[in-house]
Amino acid sequence: MVRALYPGSFDPVTNGHLDVLKRASSLFDEVLVAVAQNDSKSALFSTEERIRLIQQSTQDLPNIRITSFQGLLVDFARKQDARAIIRGLRAISDFEYEFQMALMNRSLEPKLETLFLMPSEEYTYLSSRLVKEVSRLGGDISRFVPHCVVAALKERNAQTGLTP
Ligand code: PNS
């Protein structure tokens, strides 16, 4: 059983994340999606909400599990007996941050490999941050995120009263 970890903020999950997740699920016996409980980033959705949105968007994928983690990613990977960390790489602009993280994680845990998977070209410019902004300003995001996320963003925007 070779397990990979797909960590991230997923605030919220996008079609780009799902594209990477599908590619990873075809390569590993199990992919564990690990939602970071990140205190330093102010998330729009709670950890539980982010997990639920991923669950609702991945019902067709049999070999994935979704959970959350706190603390160092390498510690969590060790506890879960994961062999690899999956990260999506969209453009050159992602490279420096990802390179730093991958090498730091490798120096902390040499047995853990980071694998970069490129999403389909149509998602190379997609990010959770932009999706949230476009949605908040009334733009159509239905091409970029699953239906459940469109609905969740609409509801959250109405609650926060930030929509123009
Ligand atoms: O989706 P994101 O925000 O780019 O994901 C970043 C994430 C959660 C993978 C990264 O911040 C992380 O691994 N956080 C856990 C804390 C940790 O291990 N930090 C050292 C990374 S070298």
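The values are calculated or read from the model by the stated rules, or taken from the named source; none is laboratory data. Source: prediction; values computed, not measured. As a convention, Cβ positions derive from the backbone with ideal geometry for all residues, glycine included, and neighbour counts pool all protein chains shown. Note: areas computed on protein heavy atoms with side chains; ligands, DNA, RNA excluded. Shrake-Rupley method; radii C 1.70, N 1.55, O 1.52, S 1.80 Å.
Pairs linking a residue in region 142-160 that is without any contact (Cβ under 8 Å) to a residue 40 or more places away in the chain to a residue that is assigned to a helix (DSSP H, G or I), with Cβ atoms under 7 Å and 6 or more positions apart or on different chains, are 142/150; 157/135; 157/136. If you go through region 46-62 and keep only what is part of a loop (DSSP other than H, G, I, E, B) and either within 12 Å of the ligand (Cβ to nearest atom) or of a type outside the set (A, V, I, L, M) (or both), you end up with 46, 58, 59, 60, 62. Only a single item in (1) open to solvent by less than 70 Å² (accessible area, probe 1.4 Å); (2) at pLDDT below 95; (3) touching a Ser or Thr at 6+ places or on another chain (Cβ under 9 Å) is not met by residue 64, and it is number (2).
Residues checked against (1) out of contact with any strand residue (DSSP E or B) (no Cβ under 6 Å at 6 or more places or on another chain); (2) touching a residue at least 12 places away in the same chain (Cβ under 8 Å):
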| site | (1), (2) |
| --- | --- |
| 22 | yes, yes |
| 26 | yes, no |
| 50 | no, yes |
| 53 | yes, yes |
| 84 | no, yes |
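Among the residues of region 6-26, those identified as part of a loop (DSSP other than H, G, I, E, B) and either open to solvent by 30 Å² or more (accessible area, probe 1.4 Å) or small (Gly, Ala, Ser) (or both) are 9, 26. The set of residues in region 1-17 that are among the aliphatic types (A, V, I, L, M) and more than 14 Å from the ligand (Cβ to nearest atom) comprises 1, 2. Apart from one condition, residue 155 fits all of (1) under 16 Å from residue 12 (Cβ atoms); (2) surrounded by 11 or more Cβ atoms within 10 Å (Cβ to Cβ); the exception is (2).
Going by the conditions given, is residue 65 assigned to a strand (DSSP E or B), among the charged types (D, E, K, R) and over 15 Å from residue 127 (Cα atoms)? Here the answer is yes, as residue 65 does meet what is asked. Within region 121-150, the set of residues being surrounded by 13 or more Cβ atoms within 10 Å (Cβ to Cβ), of a type in the set (Gly, Ala, Ser) and away from the ligand (no atom under 14 Å from the Cβ) comprises just one member, 135.
Pairs linking a residue in region 89-116 that is in contact (Cβ under 8 Å) with a residue 12 or more places away in the chain to a residue that is of a type in the set (Asp, Glu) and surrounded by 10 or more Cβ atoms within 10 Å (Cβ to Cβ), with Cβ atoms under 7 Å and 6 or more positions apart or on different chains, are 89/98; 116/98. Once region 76-111 is narrowed to residues that are among the hydrophobic types (A, V, I, L, M, F, W, C) and open to solvent by 90 Å² or more (accessible area, probe 1.4 Å), the residue that is farthest from the ligand (Cβ to nearest atom) is 92. Only a single criterion out of (1) of a type in the set (S, T, N, Q); (2) outside any helix (DSSP H, G or I); (3) at pLDDT 95 or above is not satisfied by residue 42, namely (3).
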